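Working notes, structure below.
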Amino acid sequence: MTITSDAGARLGWNLAAGVASTSWTALVALATVPLYLRYLGIEAYGLIGFFTAMQALFALLEVGLAQTVNREVARTSTLDERRQARDLLHTLAVGYWAVAALIALITWAAAPLVARYWLTSAAIPAESVSRAVMLMGLIVACRFPLSLYLGALMGARRMVLASGIEIVMVTLANLGAIAILALLSRTIQAFFVWQALVGLLNVAVVRAAAWRAIRMEEGASAPRFDATGLRRIWRFSAAIAVTAILGTLFVQGDKVILSKIVSLGDLGRYTLAGIAARSLYVLVAPVFGVIYPQMAALHAAGDTDEIERLYRSGTRLMMAAIFPVAFFIGVFSTDIFTLWTGDVQLAERIGTVVRLLLFGTALNGAMHFPYALQLAYGKSNLAMAINLTLVIIFAPLLVLLSVRHGITGAAAAWAILNFLYLVLGTWLTHRTMLRGLGTRWILADVGIPFLIGLVLVGGGGVATQHLHLELPARMFFGVLLTGVAFLAVYPLSPGLAGFASRLFTPQSTLLSQRT
């Protein structure tokens, strides 16, 4: 029979909470980056960019287990399944903490070599760079188990709680760092020490929340080490692990390669441009965090029609927001970066890099829906094959363009690869899942928001720039065009308004569960 619950409302409010969290994270970053540049300088900020890439690379060691736990928790419907999920989380946590200790030791030993032979700095002594790299390893170790506990929390659909924790921790990490740099020590080492302390607190809080979210009834036995559970999930996890490795190389490889090819100053500029592109993930990340476990639950219930509605309407709604914002930031990038950093020359210098990164990131955001569909259907091998193909193309293209054109070449490689990802990934996905939908999905659900954003925000924004208006007036018209572009998608999308409103309606049948 079909049971109608408040799942629709939970989906909507979980999504709203996720957007609030990522929006706050982006706002905090925007507010603090100029202060980091003021207190630390562009080269030290380049070290922060290197740390971001290093953290992503070490995250590969979690071998896809966080997403596996997410899926396992999301699919639980009985007490016995809940008990298995708890045992699995306990078992994996043992391994995660052991790997965290190993990360700290390896980074500590390798730091002098990295400082001497890999990173190039004109203003920071090699010894200071070495100490900074050691502290980076400590932070990565502190944060490493975080993804596992977040996976369990997301699978239990506790996005509101996870988002609340994230908002508090991001605020503490960034505003606390600014206070330390302003009042105690203007060194990159002080920055990283504070991040390590906040990282430890973060993982402790999320761990407690995750265990509470999947708690059993009173008197239930404590979770136990479960080797059988590892054997049950290893195939799915192994494919996700390879996919995660390849995906990280795809997303973070540019920074690692650039750290060898260009100076820390250029790496810092590339990192700044990347912040503008990553602002699009304000919506992408929470949408994936909500949609993936819900698709897994619908697939377990055999509700293919509902999966297709969620897949198509969700894509169009998300891209209706992402593409206009991408065109707005791209067209007005010089104005935005001038207001943000107070450095006109810097803003003009990275304008092309910003636009290329935005284009690639917007397309990458669209592909989160096919990826969620693949994982929900248990087709992690497909995601692995797609990412392997992309990395084989990406690595030589990135090196070639970076050597010839520096950070602009790296940004161009990112844009080219994500266009290939859209075409290749969609074709491969819809050969086996929701068959025959690929062309319609690209042309209608991705293409329509793209064209509306291009014409209204891209074309209108360029026209506004030629009117020689004052900066506040230009920005006002840009924001206005962005809002109009978002609303313009609705008349061309039958049922989209109803889909958006049902997300917050408890009586919604959007996420009906078949039992």
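The values are calculated or read from the model by the stated rules, or taken from the named source; none is laboratory data. Keep in mind that this is a model prediction, so the values were computed, not measured. All Cβ positions, glycine included, derive from the backbone under ideal geometry; neighbour counts span all protein chains shown.
Data for the structure
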quantity	calculated
Of all residues making up region 1-46, the number that are under 27 Å from Ala321 (Cβ atoms), aromatic (Phe, Trp, Tyr) and either touching a Cys at 6+ places or on another chain (Cβ under 8 Å) or modelled with pLDDT under 75 (or both)	1
Enumeration of residues in region 334-354 that are part of a helix (DSSP H, G or I) and touching a Ser or Thr at 6+ places or on another chain (Cβ under 9 Å)	Val344, Leu346, Ala347, Glu348, Gly351, Thr352, Val353, Val354
Residue among Met433, Met384 that alone is more than 29 Å from Gly483 (Cα to Cα) and part of a helix (DSSP H, G or I)	Met384
Selection within region 107-128 - surrounded by 14 or more Cβ atoms within 10 Å (Cβ to Cβ) and at pLDDT 80 or above	Thr107, Trp108, Ala110, Ala111, Pro112
Some residue of region 451-463 being under 27 Å from Ile291 (Cβ atoms) and not in a helix (DSSP H, G or I)	no
Some residue of region 390-400 being closer than 20 Å to Ser333 by Cα, β-branched (Val, Ile, Thr) and part of a helix (DSSP H, G or I)	no
Condition met for Ala132 (more than 20 Å from Ile48 (Cβ to Cβ), assigned by TED's automatic domain parsing to the domain that holds Ala210 and surrounded by 22 or more Cβ atoms within 10 Å (Cβ to Cβ))	no
Residue identified as out of contact with any Ser or Thr (no Cβ under 6 Å at 6 or more places or on another chain) and at pLDDT 90 or above among Phe504, Phe486, Phe450, Phe476	Phe450
Residue, nearest to Val129 (Cα to Cα), within region 165-204, restricted to residues that are surrounded by fewer than 17 Cβ atoms within 10 Å (Cβ to Cβ) and of a type outside the set (A, V, I, L, M, F, W, C)	Gln189
Unique match (being touching a Leu at 6+ places or on another chain (Cβ under 7 Å) and not small (Gly, Ala, Ser)) among Tyr281, Tyr292	Tyr292
